[in-house]
Amino acid sequence: RFPFWRIAFRSIWRNPRRSALTSGATAFGLGAFLFLYAFTDGFFEQMINNSIDFSTSHVQIEPRGYRDELSPALFISQPEEMLVQAQQHPAVLAVAPRIQVEAMISSPTQIEPLILTGVDAVSEPQVTRLQTVMVEGRYLQTGNAMDIVLGRKLADKLDVRLGEKVVVTTQLADGSLGSAAYRLAGIYQTDNEIFDRTLGFIGLGQAQALLAMQGRVSTIAVRLEQRDLSRQTAAELNQLLTGTHYQAQSWQEIMPVLVQMIDVSRLMFYVVLAIVFIVVAIGVTNTLFMSVLERTRELGVMLALGTASRLIVRMVVYESVILGLIGIVFGIFIGFSLVAYYSSAGVDLSGFAGATGTIPGLTDVIYPVLIFSHLWLPTVLLFVTGIVAAFFPAARAARLEPVTA
């Protein structure tokens, strides 16, 4: 019923080793590409999610220019009204007021720089998840004055233990310097050196008292139901803030370097994908070209018997389709198997901790993530590339002179 499909399938088995090498090249190339793409997606998903969950949240409302200096002189004077407006947005899940300033923290043996963050002990856990990575002590609690939570790296550098005191010194809202002593109540560990070495958290009321910012906050952190709505929500909140000196910024605007890293990596993977396409096209073309040369007499007989040239082309293309389908199926199996294994086991990068520890949000273990919208198009294009590559040997077969052949 389908003679040319049967002929194409039989032709592939004429030299099974060569056909297996061609399909194997497609399968290996696709499998490696799927795993590398999933690894990169996991790499960036981890960086983005950790940065959002431990620091930036999805959107932040803050005074214009605040992100450049983290100065206590820039503040939101009536945060209650703004908190209510932000909470009423349909995409917003939770909001939390914050104060964040640059400071110095000292122990009896060491002095280190610090990003001091004053948070509300009730609303902050709804926006970030720092409380889930506490390894010693406890998270901040309402009513516990003069408590501070530090990262493992910073606590080790300061050589302080739970219950011991540290002194925080920072610039106040009026430009003078102020300091206060805090008792170490908890230690967190995110496995990212930047977070664990630079961030310290105290109660919002204690931060307001230290900085002379009673009733004021530096920024409002906004948690959304979906991360993809960050830009849109920030734009809509900015419409509400028109005429004020406040602005809403999405995590992409807060972390532009991270966004640029993702864009550059995507470009690099397109280059890798192009190389894979070229290799697969050469392999398919070579296999079918050799197949056509081996069957020159047979093709000549078919042409002499009246077989149309377009049917010869179709037959050769059918061979490419079969080889491509076999390679795609096995490539997907290889790629998905690797991702399934490493998505639970993780890829340990602890040997490169000196380099990865300075990247915000990145930890020692990366878990690959399959994002279908990133993978289906390269797979389809790879299959189409194999078919297109078949037209050159197919055209040569169709142009054979029957008597010469």
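The values are calculated or read from the model by the stated rules, or taken from the named source; none is laboratory data. Just so we're clear, the structure is a prediction, and the values are computed from it rather than from any experiment. Every residue, glycine among them, receives a Cβ derived from its backbone with ideal geometry; neighbour counts consider all protein chains shown. To get the accessible areas, we keep the full protein, side chains included, count just its heavy atoms, and leave off ligands, DNA and RNA. Shrake-Rupley method; radii C 1.70, N 1.55, O 1.52, S 1.80 Å.
Worth a mention:
- Some residue of the range 271-290 being surrounded by 15 or more Cβ atoms within 10 Å (Cβ to Cβ), hydrophobic (A, V, I, L, M, F, W, C) and over 21 Å from residue 34 (Cβ atoms): yes
- Flag for residue 72 being assigned to a loop (DSSP other than H, G, I, E, B) and either buried (at least 21 other Cβ atoms within 10 Å of the Cβ) or touching a residue at least 24 places away in the same chain (Cβ under 8 Å) (or both): yes
- Boolean, residue 80 is acidic (Asp, Glu), within 29 Å of the chain's Cα centre (by Cα) and open to solvent by 30 Å² or more (accessible area, probe 1.4 Å): no
Quick grid of which residues meet (1) open to solvent by less than 50 Å² (accessible area, probe 1.4 Å); (2) modelled with pLDDT under 80; (3) farther than 19 Å from residue 13 by Cβ; (4) in contact with a Pro (Cβ under 6 Å, 6 or more places away or on another chain):
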{"site": "318", "(1), (2), (3), (4)": "yes, no, no, no"}
{"site": "325", "(1), (2), (3), (4)": "no, no, no, no"}
{"site": "333", "(1), (2), (3), (4)": "no, no, yes, no"}
{"site": "363", "(1), (2), (3), (4)": "yes, yes, yes, no"}
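- Scanning the range 167-179 for residues that are within 15 Å of residue 208 (Cβ to Cβ) and over 39 Å from the mean Cα position of the chain (by Cα), we see that the one that is least open to solvent (accessible area, probe 1.4 Å) is 178.
- Some residue of the range 338-360 being over 30 Å from residue 195 (Cα atoms) and either open to solvent by less than 40 Å² (accessible area, probe 1.4 Å) or at pLDDT 85 or above (or both): yes
- Residue within the range 146-160 that is open to solvent by 80 Å² or more (accessible area, probe 1.4 Å), closer than 20 Å to residue 58 by Cα and within 27 Å of the chain's Cα centre (by Cα) present: no
- Hey, residue 185 surrounded by 13 or more Cβ atoms within 10 Å (Cβ to Cβ), over 29 Å from residue 44 (Cβ atoms) and touching a Pro at 6+ places or on another chain (Cβ under 6 Å) or not: no
- Of all the residues in the range 87-116, those that are buried (at least 22 other Cβ atoms within 10 Å of the Cβ) and either within 12 Å of residue 222 (Cβ to Cβ) or under 29 Å from the mean Cα position of the chain (by Cα) (or both) number 9.
- Any hit, the range 12-28, residues being open to solvent by 60 Å² or more (accessible area, probe 1.4 Å) and modelled with pLDDT under 80: yes
- Filtering 295, 314 for residues that are more than 33 Å from the chain's Cα centre (by Cα) and modelled with pLDDT of 80 or more leaves a single hit, 314.
- Subset tally (residues that are aliphatic (A, V, I, L, M) and outside any helix (DSSP H, G or I)) for the range 246-263: 2
- Hits in the range 117-133 (condition: touching a residue at least 12 places away in the same chain (Cβ under 8 Å), out of contact with any helix residue (DSSP H, G or I) (no Cβ under 7 Å at 6 or more places or on another chain) and open to solvent by 40 Å² or more (accessible area, probe 1.4 Å)): 122, 126
- Qualifying residue in the range 249-261 (condition: farther than 24 Å from residue 68 by Cα, out of contact with any helix residue (DSSP H, G or I) (no Cβ under 9 Å at 6 or more places or on another chain) and open to solvent by 20 Å² or more (accessible area, probe 1.4 Å)): no
- The range 291-301, subset of a type outside the set (Ser, Thr, Tyr) and open to solvent by less than 40 Å² (accessible area, probe 1.4 Å), residue farthest from residue 388 (Cα to Cα): 300
- Of 165, 157, 153, all but one fail to be in contact with a helix residue (DSSP H, G or I) (Cβ under 6 Å, 6 or more places away or on another chain) and at pLDDT 90 or above; the exception is 153.
- Condition check for residue 67: open to solvent by 60 Å² or more (accessible area, probe 1.4 Å) and without any contact (Cβ under 8 Å) to a residue 24 or more places away in the chain: no
- Subset of the range 190-218 [of a type in the set (D, E, K, R) and outside any loop (DSSP other than H, G, I, E, B)]: 193, 196, 197
- Boolean, residue 232 is assigned to a strand (DSSP E or B), surrounded by fewer than 23 Cβ atoms within 10 Å (Cβ to Cβ) and not aliphatic (A, V, I, L, M): no
- With respect to the conditions (1) touching a residue at least 24 places away in the same chain (Cβ under 8 Å); (2) within 25 Å of residue 62 (Cβ to Cβ), residue 136 falls short on a single one, namely (2).
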